[in-house]
Amino acid sequence: MAARTTRATRNSSAAPFFQLERERACKGNIMALSMVYSRQDAVPGKDFGQVWRDRLRLVQLENNGWKVYSCDLGHEESLGEIGRHLQSNFDHHRFPEAFKKRWPDGLKLRLVIFDYFYIPDHWADQRWGSGTFITKTVPFLRDYAKVKEFWLPNCRVMRDLLQEHEQFLRAKGLTWYFVGESWKNVLYVATEQVNGVMEASENEVKTNANQVKAYLDPLHPFIRICDVRKRRLRRHLQEEANQREQQPLEQQQQQARKEEEGTIKKKLKGRPSQQPEQQLLLLLQQKDKNVQEEKDGHAEEKGEGKEEGVEDGSKR
């Protein structure tokens, strides 16, 4: 009988602090920026800080089928899993040189994901404000490491950089767009799976919920950079949706009424009738009446039914 393996869920109290010994198809290589994939024996005892938290999240990411690499400036390579950690500033023009030196035989990556824990604006300005990550690192990793997608936190600093260098990215064949579905970010999913473990720690608790609320856009917490050809249609559809949201409510109602009239006319077109315009008018009046009755019902539930009744009585 095969050995039973478990995966930490959202409310789990058991830390997947070690790699599960099981064979599974690898989804690909992934690099986590501003994180350290440390060895288990390199985590300080009774220390629930960044090193412990990063390993917890990245081990879960690896248990989910990814081969994990990491890069940050504050932790030595000897601290990380053998051959998995790069100590370098990814917002510096010498990053490509450091990357090639660390992996001289080359390293192909499918995803590059920026950590989104603790990124206040002043901190992000100091570390990423130069824009080198966008103009140097992203094109280098796309061309040299064959990266398919970059996942970034949707914070003010990152938005400003992308808007400033949007023409540059387009010239490189890249585009970016906001992502509202958090579950599409695999690091977010892995973090949610070990959420219960982090909540039980003795240190200051950092979770998806409080970090997204504090530093990211609540509706679209992440930004995705990818090849223009892959996302051209998606970006176009998103822009259309944004335009519709910006339209005044009255204009949206008028447009909806025109569409409804066109639909009713098509339904009446094949029916023999001497007065199709009267039928159209009756159907529209009936629809308006149903909408009004529905609104009145909602108002009564909120305690507004009495006030509306008085107003109707005064009109009569």
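Read-outs: derived from the displayed coordinates by stated rules, not from any lab. Not measured: the values here are computed from a predicted model. Please note: Cβ atoms are built from the backbone with ideal geometry, for glycine as well, and neighbour counts cover all protein chains shown.
Here is how the numbers come out for the structure above:
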item	result
Cα→Cβ-extended label distance, 7 Å offset, between Gln167 and Asn210, nm	4.4 nm
At R0 = 35 Å, FRET efficiency that the Cβ-Cβ distance of Asp105 and Asp160 yields, to 0.05	0.40
Inter-part distance where the range 170-191 and the range 49-113 are each reduced to a Cα centre, Å	19 Å
Residue-span extension gain [Lys148 to Lys27] - 0.36 nm each, minus C-alpha spacing	42.3 nm
Peptide ranges 218-228, 163-173 listed from the most packed, as the mean C-beta count within 10 angstrom indicates	218-228, 163-173
Rounded if a/c under 1.5, otherwise prolate or oblate - the range 92-145, Cα gyration tensor axes	prolate
Cα-Cα over 23 Å, subset of Lys148/Lys206; Lys27/Lys206; Lys101/Lys172; Lys136/Lys172	Lys148/Lys206; Lys27/Lys206; Lys101/Lys172
Ordering of 78-88, 179-189 by packing [mean C-beta count within 10 Å, highest first]	78-88, 179-189
Label-point gap, in nm, between Glu259 and Ala98 - each point 7 angstrom along Cα→Cβ	5.1 nm
